[in-house]
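Notes to accompany the following structure.
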Amino acid sequence: MPRFQSLLTLLLVFSSPALAQQSPPVAPVREVVDTYFGQRISDPYRWMESKGPELDTWMKGQADYTHAVLEKLPLRSQLLRRLTEISSASTTVSNVQRSGNDYFSMRRELSESDYSLYVRHGLNGADRPLVRVDKLNQNGKRNSIATYNVSPDGRLVAYLVAPGGGEYGELRILDL
């Protein structure tokens, strides 16, 4: 851990020249004031709530600036390599739900970028995949399981297939 902290400290010390060379695009301020229960509330960036070419251009400018700054950072490749090592050190299990003697969970193996849905019968049973995320991807489009829920009797599992890893998607029901 001390080596990682040293690497991070060096990165921050040497990054200030890279940050000073360019500035991000400035977001236009358009004052909109609403009154709620007699209180005036100002929202200078409400225009960002509407999709459109102006917001797209501003977002792309922000992304381009970020990439330009990150590319100039010294030790970036070493830091990125170390962060990748740390974040992919083991299988990740989350969102465990119990129904009777069955345990449902989201699981991501080291080689996977998204979680799949698994079930295990009993505490010492073997994990069995119910929904594999790689089977959800079609025509080169990435899908993920955004959430799931198990019926009280453990017979039905509802899960949300979200395109591109988003929050919204298609609700599917699995009858076990």
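The values are calculated or read from the model by the stated rules, or taken from the named source; none is laboratory data. Note that the coordinates shown come from a computational prediction; the quantities given were computed from them, not determined experimentally. Here Cβ is always computed from backbone atoms with ideal geometry, including for glycine, and neighbour counts include all displayed protein chains. Accessible surface is based on the protein model in full, side chains and every heavy atom, while ligands, DNA and RNA are left aside. Shrake-Rupley method; radii C 1.70, N 1.55, O 1.52, S 1.80 Å.
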Within region 133-152, considering residues that are part of a loop (DSSP other than H, G, I, E, B) and surrounded by 11 or more Cβ atoms within 10 Å (Cβ to Cβ), the one modelled with the lowest pLDDT: ASN137
Selection from region 22-47 of residues that are surrounded by 11 or more Cβ atoms within 10 Å (Cβ to Cβ) and within 21 Å of GLN62 (Cβ to Cβ): GLN22, PRO24, PRO25, ALA27, PRO28, ARG30, ASP43, PRO44, TYR45, ARG46, TRP47
MET59 is checked against (1) among the aliphatic types (A, V, I, L, M); (2) in contact (Cβ under 8 Å) with a residue 12 or more places away in the chain; (3) under 22 Å from GLY164 (Cα atoms) and fails just one. What number does that condition carry? (2)
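Listed here are the residues, each with its yes/no results for (1) at pLDDT 95 or above; (2) under 15 Å from the mean Cα position of the chain (by Cα); (3) part of a loop (DSSP other than H, G, I, E, B).
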residue	(1), (2), (3)
SER90	no, no, yes
SER105	yes, no, no
SER113	no, yes, yes
ASN124	no, no, yes
GLY154	no, no, yes
VAL157	yes, no, no
LEU160	no, no, no
GLY165	no, yes, yes
Would it be correct to say that GLN62 is polar (S, T, N, Q) and surrounded by 10 or more Cβ atoms within 10 Å (Cβ to Cβ)? yes
Six or more apart or on different chains, Cβ atoms under 6 Å: show the pairs whose first residue is in region 148-176 and of a type in the set (D, E, K, R) and whose second is not in a strand (DSSP E or B). ARG155/LEU176
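Between LEU117, LEU55, which is assigned to a strand (DSSP E or B), aliphatic (A, V, I, L, M) and open to solvent by less than 50 Å² (accessible area, probe 1.4 Å)?
Working: LEU55 fails: assigned to a strand (DSSP E or B).
One residue alone meets the criteria, LEU117.
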Where the second residue is outside any strand (DSSP E or B) and exposed (fewer than 12 other Cβ atoms within 10 Å of the Cβ) and the first is without any contact (Cβ under 8 Å) to a residue 60 or more places away in the chain and on the phi > 0 side of the Ramachandran plot and lies in region 89-111, which pairs have Cβ atoms under 8 Å and are six or more apart or on separate chains? GLY100/ASP153
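On the basis of being modelled with pLDDT of 90 or more, more than 29 Å from SER144 (Cα to Cα) and among the β-branched types (Val, Ile, Thr), does VAL29 make the cut? Before the answer, list the steps.
Details: modelled with pLDDT of 90 or more: yes; more than 29 Å from SER144 (Cα to Cα): yes; among the β-branched types (Val, Ile, Thr): yes.
The answer is yes for VAL29.
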